[in-house]
Amino acid sequence: MVPAVRIKPFYISAIAGFLAVFAGTGALAQPAGGTDDPIARMLQSAPGSAPNLPLAPAKAPPSQGAGLAPGGNVQGSQPIVLSARIGEHADRTRFVIELSDPVNLRAFTLTNPDRVVVDMPEVQWRVGAPPRPSGFGSVKSYRYGVFRKGNSRMVIDLSRPVTVSDPLVIPPSNGFGYRVVIDLFPTQQGKFNVNAGWPADLKARETNAEQLAALAAEPEAPRVTGHKVVVIDPGHGGIDSGTDGVNGLMEKDLVLAEGLKLAAVLKERGYIVHMTRDSDVFIPLPERVAIARKLKADLMISLHADSNPDTQVSGLSIYTLNDGRSDREAAGLARRENQSDIIAGVDLSREDSPVAPILIDLAQRDTINRSSRFAETALGQLHSVTDILARTPHRAASLAVLVAPDVPAVLIELGYLSNESDAAQMNTQAWRQKVADAIARAVDRNFSASAAGTLP
């Protein structure tokens, strides 16, 4: 991760918080027509003052040496996002973010699907339940959270192409903190496509972060003979919350809690255990696969939870990589899970499509076979501790997280968060412990059979 840029305190008042935003359009946030918008009322009450309010520079500020970081305050604590709201007007959609402290914030647009990405240093999100867009304006939905350690992100899904204004920075006043105003003006798709894309310096930052992640995955010591390496991969995380349960339980929280329990059980049994994430951060799908391969893992277990429009569907299921064939439901799940990087605003320009057909060679076919044997073993152990999907609990799909050709891997859908009974039991410590113990028993049986040469 690139070190945080540090800014001396006296720079704060000079540039109203160093709110740096990339917006390749040059448009300026202006008063909207509706007087129900307090920002609009303020600008309309002083029409000559709008151009004099500070605008964010077009590029991130250079390092200023020791001093205040553009993601912190004098005490060194993280800035807090106090509120976020959407104002839908006849000629624009207005997005306002209120912060406790100045941050180095940037915005840019991406295509396929059309999105606005607001990138910033890591912040604390204390926005409660932010208002949802009506669906009639330019904003379809939005989400926020930690993208990587030290880096937060807000991603705005668009229902139509927009031009993003240069942000207006309003210094603290009238009980408000720093407010960043970003206007989204409707535009033509062709113009949106021309302006969309990753800023070069952010693309370089992501490349550096991926390289650091790969280095971090290096084993700290030579493997002890006979000790198997298991990688546990809690899905989603950070800005990507995954499925929301009918009881409010978020998939990213559930699978992290289950992953930590499983890791503890496996370590007690003598396995070398690594986790792709052990906190609420986002990890791109290719990085998850790279971690398992770098560690020369003997098994990768990816943890997720499912949802279904039919709230009666319930039960645990296990997915392994397919060879190009899958039923409609399995293919639908693969599409949802493979969207994770798109949801988080990841740069996919250097990657093959995660949903592209996967070529299976002979070596990978053997890996798939070993993955399938573990899946069947795990279902045998889990059947006694939780409900299992009634129809075909072992499924195959083109899941991006399972594509390592040399690491047996499974994706366990712990249950359906759309089902009241499943969501309720998955929210209990007792259920999570029983499931962790059952998966650990399956790992024992899998490697015991392998060592004895009794695998079919």
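Every number in this text was worked out from the coordinates using simple rules, so none of it is lab data. What you are looking at is a predicted structure, and each value in this text was computed from that prediction instead of being measured. Quick reminder, even Gly has a Cβ in these numbers, built from the backbone with ideal geometry, and neighbours come from all protein chains shown.
Some values worked out for this structure:
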quantity: Estimated inter-spin distance, V246 and K140, nm [label 7 Å along Cα→Cβ]; calculated: 2.6 nm
quantity: Packing rank of 105-114, 146-155, 81-90, where each peptide gets the mean count of other beta carbons within 10 Å, highest leading; calculated: 146-155, 105-114, 81-90
quantity: Which listed pairs, of K228/K252; K252/K434; K149/K191; K203/K294; K203/K228; K203/K267, have C-alpha distances above 29 Å, in listed order; calculated: K149/K191; K203/K228; K203/K267
quantity: Estimated FRET transfer efficiency (Q312, N174; beta-carbon r; R0 45 Å; 0.05); calculated: 0.30
quantity: Per-residue ³J(HN,Hα) for region 397-414, Karplus 6.51 cos²θ - 1.76 cosθ + 1.60, θ = phi - 60°, Hz, x for Gly and Pro; calculated: 7, 7, 8, 4, 6, 9, 7, 4, x, 10, 10, x, 8, 10, 10, 9, 8, 5
quantity: Exposure proxy ranking, count of Cβ atoms within 10 Å, fewest first, for Y142, Y178, Y416; calculated: Y142, Y178, Y416
quantity: Ordering of 377-383, 235-241 by burial proxy (mean other Cβ atoms within 10 Å per residue, highest first); calculated: 235-241, 377-383
quantity: S398 long-range amide H proximity, modeled H, under 5 Å; calculated: N322
quantity: Relative packing of 401-414, 243-256, which averages over residues the other C-beta atoms within 10 Å, highest first; calculated: 401-414, 243-256
quantity: Span per principal axis, largest first, for the Cα atoms of region 161-206 (Å); calculated: 41, 30, 11
quantity: Long-range HN-HN contacts of R148 with modeled amide H, under 5 Å; calculated: F282
